[in-house]
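Encoded as structure tokens, the structure appears first; notes follow it.
Read-outs throughout are calculated quantities, based only on the coordinates presented, and are distinct from any laboratory measurement. Everything quoted here is computed from the prediction, not taken from an experiment. Positions of Cβ are backbone-derived with ideal geometry, glycine not excepted, and every protein chain shown enters the neighbour counts.
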Amino acid sequence: MTRSRFVTYLLILALSGLGLSVLMAAKAAGEKTTAAPPPAGSGGRLLVALGYVDTPDKMVHLLPDNYPQPARVTKVLVREGDEVTAGQPLLEFDTDMLKLKVDEAENAIASALAEQAKAEAMVRAHKVQVSSTEKEYQASVKELASKKNELVEAERLFNLKSGPAINQITLESARSAYDVAEKKLEAAQLKWEGLRDNVPTYLVDLAKEQVKKARIARQQAEHVRDQVRLRAPADGWIVRSFVAEGTTFGGIGSRDPAFWFLKKVRLIVRAEVPPEFARRVSEGQVAEIEDEADTTQTWTGKVVLVPNQFLPKRLGNTGLVDLMPVSDERVLECQISIDPEPKKDPPKFGQKVRVKLRK
């Protein structure tokens with residue numbers, strides 16, 4: 001046997017052994033896959049899913065209405081676990097400086113109203129002046145008529161055919177008196193018409209505008225003062241408190257809320273159903289609910305919402321979706337109602353439960 005033929009035989013034997021090993025491994029894997037037990041909940045008509053007790057509305061973070069403007073807490077009016085009603089004050093704040101701003105605006109309004117009263121008084125005084133100058137004008141008209149008659153009489157007496165009854169000085173005096181009366185009438189007319197046609201109502205208008213501006217400034221100051229507050233947005237509970245007297249909200253580095261607030265609504269269960277079992281869930285399906293740690297705590301309910309999308313699992317019961325999951329696992333988050341049972345305490349918000357669905 002030549003050397004090349006011997007090498008060929010060895011190569012064929014090696015390849016045959018490798019192929020046999022691959023076939024045996026594949027067979028073993030197939031047998032293992034076939035023999036693997038089915039996942040929990042896949043047998044029969046029972047589907048088991050984990051979930052959390054939650055509400056349809058998410059838990060919200062409460063901050064003062066004026067946030068992010070700085071506001072210092074002087075008094076905390078509620079504690080964790082307290083039940084509150086819509087509009088109930090939760091904190092008191094230091095608003096002394098803001099109250100001074102309101103007082104300053106009040107003083108500005110008083111000053112503007114005084115200026116308005118002054119302008120209105122000037123208008124009334126102007127009316128009196130117009131009436132007075134009108135009378136002066138009418139008197140000047142009469143005086144001019146009188147001086148004209150005197151001048152006419154003086155000219156008649158000076159021009160008598162039988163000889164002047166008065167001298168030239170008397171005639172010139174009458175003419176001068178007439179000229180003075182004429183100029184006086186012109187002055188009285190200009191004064192009267194000027195006052196009559198230029199009523200200073202614009203001063204009143206300007207004063208009224210100042211009053212409006214002052215009142216707007218007061219409204220703004222009151223709004224800023226009233227915005228430094230925190231009230232319950234609805235009936236509900238204070239879940240967590242992050243505030244104490246002396247806490248300052250707003251400004252650089254302020255991030256934490258004052259409270260976590262949960263609206264007072266019915267409780268539900270958000271059950272996380274894996275995609276492979278999603279087709280076995282439907283609205284109206286009866287649900288058995290039990291505490292994951294204590295199976296003696298049980299409740300009943302039914303499926304009220306089957307969403308039309310698969311989403312990443314939530315981070316516990318925070319209501320937040322895990323945007324950076326370690327795996328690509330998606331779930332169908334179904335909502336399960338909880339039947340009221342008068343003789344049994346309902347589950348607590350955030351409680352981890354196991355949901356069994358039957359058809």
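Okay, here's what the table says:
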read-out	value
Residues of region 140-181 with amide N under 11 Å of the 7 Å Cα→Cβ point at residue 189	141
Sites residue 92 and residue 113, calculated FRET efficiency, Cβ-Cβ separation with R0 30 Å, nearest 0.05	0.35
Cα-centred dipole magnitude for region 98-224, charges only on beta-carbon of K, R (+1) and D, E (-1), debye, nearest 20	200 debye
Modelled FRET efficiency - R0 25 Å, residue 286 with residue 330, Cβ distances, 0.05 increments	0.50
Cβ-defined net charge surrounding residue 137, 15 Å radius [Lys, Arg +1; Asp, Glu -1]	-1
Net lengthening on full extension, residue 82/residue 248 (0.36 nm per residue, minus Cα-Cα)	57.5 nm
nm² value of the averaged projected area, convex hull over the Cα atoms of region 166-305	24.7 nm²
Order by protection proxy (mean Cβ within 10 Å, highest first), peptides 123-129, 219-225, 161-167	219-225, 123-129, 161-167
Around residue 174: net Lys/Arg minus Asp/Glu count, Cβ-Cβ under 9 Å	-2
Neighbour net charge for residue 310 - beta-carbon separation under 12 angstrom, K R +1, D E -1	-3
Radius ratio Rg over Rh of region 98-224, counting only Cα atoms, Kirkwood formula for Rh	1.48
Packing rank of 291-297, 344-350, 135-141, where each peptide gets the mean count of other beta carbons within 10 Å, highest leading	135-141, 344-350, 291-297
Lysines whose Cα lies under 28 Å from that of residue 264, excluding same-chain neighbours fewer than 8 positions away	58, 75, 302, 313, 343, 344, 348, 352, 356
Fully extended contour minus Cα-Cα distance, from residue 219 to residue 300, at 0.36 nm per residue	23.7 nm
